[in-house]
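Asker: Starting off with a structure, shown below.
The values are calculated or read from the model by the stated rules, or taken from the named source; none is laboratory data. Keep in mind that this is a model prediction, so the values were computed, not measured. All Cβ positions, even for glycine, are placed from backbone atoms using ideal geometry, and neighbour counts span all protein chains on display.
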Amino acid sequence: MAISPGVQYLVTGSPEGLIVLDDFLSSTPSFSDVSSASGPICSVDVSPSGLNLLGATVDGKIVVGEWNGQERSIRYVQTLQGNGTHVVAAKFTKDGERVISALEGGEVRVWDLKSGLGQVLMRGSADISTYTILSRRGEYAAIVHGSEMDIWSLIP
C-alpha cells in the first residue's frame with residue numbers, strides 16, 4: 001500500500017494483478033490498471049512526482065504505469081523483468097528515475113527506468129532464510145537472516 005504525494009490517493013495491489021487507486025477527497029470510484037501484471041501484486045509505490053505508479057508481482061515482474069488525473073486512468077509504460085523470483089518490495093528512488101527492488105532470498109536490484117535495465121546491488125545468502133525490506137524512498141535495505149539484521153545504504 002502507498003499514499004500519493006498530497007495524500008489524495010491510496011494505492012493498493014490486488015490478487016488479480018490490478019493497481020488500484022482510491023480517491024480520499026471525493027466519492028469517485030477506484031481506478032484500476034489491467035496492464036501486463038500476470039500475478040498478484042504484492043508491493044506498490046507512487047513516484048515522488050505522483051505521476052508514476054508501480055506494482056511488483058509474486059512472479060518477479062515490476063509493472064510501471066503513468067497516472068493521468070484528467071482522464072482518471074493509468075497508462076501502461078513498461079515491465080521491468082529479470083528478477084526471476086518473488087519481489088517482496090519495490091520503491092521509486094527520491095529522483096523518480098530508478099526503482100529499487102528487493103527479492104525473496106535477499107537480492108536487491110536497481111532499475112534504470114529510461115533503459116529498463118537492472119543491476120544487482122547485493123545478494124543474500126542462499127543457505128540462510130532471508131527477507132529484505134526497503135525504506136520509503138529506496139535509500140536503505142534491511143536484510144534479515146536468522147536472528148540478525150543488516151542495514152545497507154543503497155545510494156552513495
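Asker: Taking the range 32-56 as the region of interest, how many residues are modelled with pLDDT under 85, surrounded by 22 or more Cβ atoms within 10 Å (Cβ to Cβ) and either among the basic types (Lys, Arg) or not in a loop (DSSP other than H, G, I, E, B) (or both)?
Answerer: Adding up the residues that qualify gives 1.
Asker: List the pairs whose first member sits in the range 62-82 and is farther than 16 Å from ARG98 by Cβ, whose second member is among the β-branched types (Val, Ile, Thr) and not in a strand (DSSP E or B), and whose Cβ atoms are under 8 Å apart, counting only residues at least 6 apart or on separate chains?
Answerer: ARG72/THR28
Asker: Oh, and also: Go through the range 58-69 and give me each residue that's buried (at least 16 other Cβ atoms within 10 Å of the Cβ) and at pLDDT below 85. Step through it out loud before you land on a result.
Answerer: Quick first cut of the range 58-69, residues buried (at least 16 other Cβ atoms within 10 Å of the Cβ) only: 58-65, 67.
Selection gives VAL58, ASP59, GLY60, TRP67.
Asker: Which condition number in (1) surrounded by 15 or more Cβ atoms within 10 Å (Cβ to Cβ); (2) closer than 26 Å to VAL7 by Cβ; (3) at pLDDT 85 or above is the one that GLU97 fails?
Answerer: Result: GLU97 fails condition (1) only.
Asker: Exactly one of these conditions fails for THR79: (1) assigned to a loop (DSSP other than H, G, I, E, B); (2) at pLDDT 80 or above. Give me its number.
Answerer: Evaluating THR79 over (1) assigned to a loop (DSSP other than H, G, I, E, B); (2) at pLDDT 80 or above leaves (1) as the failure.
Asker: Working carefully through the options GLY116, GLY138, find the one that is surrounded by 12 or more Cβ atoms within 10 Å (Cβ to Cβ), assigned to a loop (DSSP other than H, G, I, E, B), modelled with pLDDT under 85 and small (Gly, Ala, Ser). Working first, answer last.
Answerer: Working: GLY116 fails: modelled with pLDDT under 85.
That would be GLY138, the only listed residue that is surrounded by 12 or more Cβ atoms within 10 Å (Cβ to Cβ), assigned to a loop (DSSP other than H, G, I, E, B), modelled with pLDDT under 85 and small (Gly, Ala, Ser).
Asker: Considering the range 141-156 alone, what residues qualify as being modelled with pLDDT under 75 and in contact with a Leu (Cβ under 8 Å, 6 or more places away or on another chain)?
Answerer: The one that is modelled with pLDDT under 75 and in contact with a Leu (Cβ under 8 Å, 6 or more places away or on another chain): LEU154.
Asker: Suppose we filter the range 82-113 for residues that are in contact with a His (Cβ under 7 Å, 6 or more places away or on another chain) and not in a loop (DSSP other than H, G, I, E, B); how many remain?
Answerer: 1
Asker: Which condition breaks for GLU107 when tested against (1) surrounded by 16 or more Cβ atoms within 10 Å (Cβ to Cβ); (2) at pLDDT below 85; (3) on the phi > 0 side of the Ramachandran plot?
Answerer: (3)
Asker: Working only within the range 70-94, note down all residues that are of a type in the set (Ser, Thr, Tyr), more than 12 Å from THR57 (Cβ to Cβ) and surrounded by fewer than 17 Cβ atoms within 10 Å (Cβ to Cβ).
Answerer: Keep residues of the range 70-94 that are of a type in the set (Ser, Thr, Tyr), which gives 73, 76, 79, 85, 93.
Keeping just the survivors that are more than 12 Å from THR57 (Cβ to Cβ) gives 73, 76, 93.
Hits for the range 70-94 are SER73, TYR76.
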